[in-house]
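Chemist: Starting off with a structure, shown below.
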Amino acid sequence: MDMKRRKFLKIAGLSTIAGIGAPAAFERLLNGEVPTISHASSQSESHSESEKPTGKRYGMLINLKTFREHQGMAEKCVKACHTVHNVPDFQNPKDEIKWIWETPYENAFTSKSHYYKNEEVHNNDALVLCNHCDNPPCVRACPTKATFRRDDGIVAMDYHRCIGCRFCMAACPFGARSFNWRNPRGKDEKSGRYFIDRATYNKEFPTRMRGVVEKCNFCVERLAKGLQPACVEATGHTKALIFGDLNDTNSEIRRTLSSNFTIQRKPEAGTLPSIFYIL
Amino acid sequence: MIEKALVGNSNYKKWITFLLVIMGIGAICYVRQFTYGLGLTGMSRDVSWGVYIAQFTFLVGVAAGGVMVALPYYIHNYKVFGKITILGEFLAVSSVCMCLMFIIADLGQPMRALNVLLFPTPNSMLFWDMIVLNGYLFLNILIGWVVLTSERKEVAPPAWIKPFIYLSIPWAISIHTVTAFLYAGLPGRHFWLTAIMAPRFLASAFAAGPALLIIVCMILKRFANFDAGKEAIQKLVTIVAYAALVNMFFLCMEFFTAYYSNIPGHMHTLEYLYFGLHGHNQLVPWMNLSVILPVIGIAMLLTPSLRIKESTMTIGCILIFVGFWLDKGIGLVLGGFVPNPLEEITAYHPTFNEIAITIAVWATGFFILTILYKLALGVHTELHGEDVIT
């Protein structure tokens, strides 16, 4: 008797739950209070749009038009950066370390159509560097938090914590990271040439050691002193590079972004880069 | 028990000496790499992982493959696997040891390896891989040791070991799943960005692991007078054949998705690996072999007359093992870096030093395997009084 009653109660309970739940679920499916049309863009999940931005988020706008008008300026940017940061020059592609460099348009913007090219755009190189993504895959991959995203949006490195597993290099969709395959403080055995040029060695910025990853740090050490990033400084008053706070609606970068058509590298990867380009 | 490893016949001593010599050469090469840096390898900023990480990935599979013996024996009480279950567990132990050594060999700053524990980072798949691999190593040493000790004392294994045994089964799946997640969750690496990465890893693991076990059993039968039993081997052969078949099926899925969708990024690496991309075809012969060998192997293992015959059956297993090693121990990891995120093609050629270290890690794995098997077979002989030569 008891057993039957218990069983009955069980069934009754379950049916009640199903009775209440099912119509609600069907109603949702059939009538739908959810809008029928919506859009899912690669940008829609961004911090910047869904949340009200707080604090700073540094970004950079690269005007390739201006660079085309000032041939040779991009090299100056690269040189300025690599000198300020004591980036070693091994003079071979296998050990190469680069923070910012020039690359053909097609390599910088891999998913843009290459039909009926605009010769001017396609025949000139683009400057590429770490995108300081809002949602950086390298930070996600790092097993020791040696690479991390600062509150101001800069993706930085702790060279003393990095174990050199290079997971961040596999994770970065922009190929922005380099590894110290050998001692950057050393010199070439044959020629005696130091990998970091002694004449331009910057005592203000630490050299790295063998076995760690490094990349562009948006000149965080210069920003702390109120200076512009070295590459921006190298462009003088040309406005080829505009650096600033993306969260500040009155900043020069935001004003330029809202009045120009700009593109980003690989927006489809959903990493929300902080670097913008004018072609 | 460990004293059993210290005595053996001349074949055993020769084999151990051979392994020790290779390990010694590898140790010297590692010291060179340690003092110079990873620049002594063929890796570059574009192909930033090489044979070390590729071997690691393949060997995680071999380790996970041991579960194909443990599961039928412990869960389904499949007594036929009784003699080889301990061998499967010890194979897992030596494989995981090799995995850990390959990771250490690949680190730019190996002295900082413990930073992974000091600064635990749950959002990193490498952190989880460290947990599952070390956990699996611990489980297999514990289970293997307790079961072997009980066998020696001729008592049933204690009840407390049961939960560990049951835990080790899903744990084996987890090691290869998490290892697949190292690759499958990276944006911008089209070749790796596939949902069937983990299933494919598991399928190849369940073929390569038991295939190696069969090969080792055949060696033991010849040199150590240890017979795993015809039924056990035949059952393993069936597992190998079907798991290998599933792996090949998954490979076809990858080709279909890439080529029917016609998305360039998805086709690039397959093109590079199997047909050559813009004249870069250094891996093409290897990758072709990685398809041909397993296909022949599977056909051999599924043909009754060839499967029954020990010699042809062993050859079939070797073909599958070598084929899957080429696929995962070379193609999978290197392919992911070609083309690089800027669609540049950089060739990777492992150096002598790198290859010597790689071979030495394998030798160390076989050294551990030999010692563990010596103990296991020693206990076996002690009880059953068989004349074990080795």
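The values are calculated or read from the model by the stated rules, or taken from the named source; none is laboratory data. Treat the numbers as computed from the prediction; the structure is a model and nothing was measured. Heads up, the Cβs are rebuilt from the backbone with ideal geometry, glycines too, and the neighbour counts pull from every protein chain shown.
Chemist: Can you tell me which condition B:Pro199 does not meet? The list is (1) in contact with a Phe, Trp or Tyr (Cβ under 7 Å, 6 or more places away or on another chain); (2) buried (at least 19 other Cβ atoms within 10 Å of the Cβ); (3) within 30 Å of A:Thr271 (Cβ to Cβ), and all the others hold.
Modeler: For B:Pro199, the exception is condition (2).
Chemist: Right, next: Restrict the check to the stretch B:15-26 and report whether at least one residue is closer than 14 Å to B:Ile357 by Cα, touching a Phe, Trp or Tyr at 6+ places or on another chain (Cβ under 9 Å) and in a loop (DSSP other than H, G, I, E, B).
Modeler: no
Chemist: Which residues, taken from the stretch A:75-106, are in a helix (DSSP H, G or I), over 16 Å from A:Asp125 (Cβ atoms) and aliphatic (A, V, I, L, M)?
Modeler: The answer is A:Ala80, A:Val84.
Chemist: If I ask for residues that are in a strand (DSSP E or B) and facing another protein chain (nearest Cβ under 9 Å), which ones from the stretch A:107-141 would you list?
Modeler: Result: A:Val128, single match.
Chemist: Also: Restricting attention to the stretch B:42-53, does a residue exist that is more than 11 Å from chain A (Cβ to nearest Cβ) and crowded, with 24+ Cβ neighbours inside 10 Å?
Modeler: yes
Chemist: A further question follows. Restricting the stretch B:331-351 to residues that are of a type in the set (A, V, I, L, M) and surrounded by fewer than 22 Cβ atoms within 10 Å (Cβ to Cβ), which is nearest to the other protein chains (Cβ to nearest Cβ)?
Modeler: If we take residues in the stretch B:331-351 being of a type in the set (A, V, I, L, M) and surrounded by fewer than 22 Cβ atoms within 10 Å (Cβ to Cβ), then B:Leu342 is nearest to the other protein chains (Cβ to nearest Cβ).
Each row is one residue, and each column tells you yes or no for (1) touching a Ser or Thr at 6+ places or on another chain (Cβ under 8 Å); (2) farther than 20 Å from A:Asn135 by Cα; (3) modelled with pLDDT of 95 or more.
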position: A:Phe195; (1), (2), (3): no, yes, yes
position: A:Gly211; (1), (2), (3): no, yes, yes
position: A:Gly236; (1), (2), (3): no, yes, no
position: A:Ile242; (1), (2), (3): yes, yes, yes
position: A:Glu252; (1), (2), (3): no, yes, yes
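Chemist: Filter the stretch B:176-185 down to residues that are at pLDDT 95 or above and either part of a loop (DSSP other than H, G, I, E, B) or within 21 Å of B:Met68 (Cβ to Cβ) (or both), then give me how many there are.
Modeler: Matching residues across the stretch B:176-185 total 4.
Chemist: If you don't mind, there's one more thing I want to ask. Could you give me the residue pairs with C-beta distances under 6 Å whose first residue belongs to the stretch A:165-193 and is without any contact (Cβ under 8 Å) to a residue 60 or more places away in the chain, whose second residue is of a type in the set (Phe, Trp, Tyr) wherever it lies, and which are 6+ apart or on separate chains?
Modeler: A:Arg166/A:Phe179; A:Lys187/A:Tyr194
Chemist: Limited to the stretch A:197-235, what total is found for residues that are of a type in the set (A, V, I, L, M, F, W, C), more than 28 Å from B:Ser48 (Cβ to Cβ) and in a helix (DSSP H, G or I)?
Modeler: 3
Chemist: Could you say whether any residue in the stretch A:228-245 is in the same structural domain as A:Gln264 (by TED's automatic domain parsing), closer than 15 Å to A:Cys81 by Cβ and in contact with a Pro (Cβ under 9 Å, 6 or more places away or on another chain)?
Modeler: The answer is yes; a qualifying residue exists.
Chemist: Can you pull out the helices (runs of 4 or more DSSP H) entirely within the stretch B:274-334 that have at least 1 residues that are among the aliphatic types (A, V, I, L, M), closer than 25 Å to B:Arg45 by Cβ and over 20 Å from the mean Cα position of the chain (by Cα)?
Modeler: Output list reads B:284-302.
Chemist: For the stretch A:13-67, which positions are modelled with pLDDT of 70 or more and closer than 30 Å to A:His122 by Cα?
Modeler: A:Tyr58, A:Gly59, A:Met60, A:Leu61, A:Ile62, A:Asn63, A:Leu64, A:Lys65, A:Thr66, A:Phe67
Chemist: Would you mention how many residues in the stretch B:119-132 are in a helix (DSSP H, G or I) and at the interface with chain A (Cβ under 8 Å from one of its Cβ atoms)?
Modeler: Number of matching residues: 4.
Chemist: Go over the candidates A:Ala170, A:Ala156 one by one and state the one that is in a strand (DSSP E or B) and either of a type outside the set (A, V, I, L, M, F, W, C) or under 26 Å from the mean Cα position of the chain (by Cα) (or both).
Modeler: None of the others qualify; the one that does is A:Ala156.
Chemist: A follow-up question, please. Restricting attention to the stretch B:198-211, does a residue exist that is assigned to a loop (DSSP other than H, G, I, E, B) and under 21 Å from B:Ala258 (Cβ atoms)?
Modeler: no
Chemist: How many residues does the stretch B:106-132 contain that are touching a Ser or Thr at 6+ places or on another chain (Cβ under 8 Å) and touching a residue at least 12 places away in the same chain (Cβ under 8 Å)?
Modeler: Looking only at that region, the number is 3.
Chemist: May I ask you to list the residues in the stretch B:291-311 that are in contact (Cβ under 8 Å) with a residue 40 or more places away in the chain, of a type in the set (A, V, I, L, M, F, W, C) and closer than 22 Å to B:Lys328 by Cα?
Modeler: Scanning the stretch B:291-311 gives B:Val291, B:Val295, B:Ile298, B:Leu301.
Chemist: Looking at the stretch B:116-150 only, could you name the residues that are over 20 Å from A:Pro143 (Cα atoms) and over 27 Å from the mean Cα position of the chain (by Cα)?
Modeler: The answer is B:Ser150, and nothing else.
Chemist: Let me ask something else. For B:Leu87, work out the one condition from (1) in a loop (DSSP other than H, G, I, E, B); (2) touching a residue at least 24 places away in the same chain (Cβ under 8 Å); (3) more than 14 Å from chain A (Cβ to nearest Cβ) it doesn't fulfil.
Modeler: (1)
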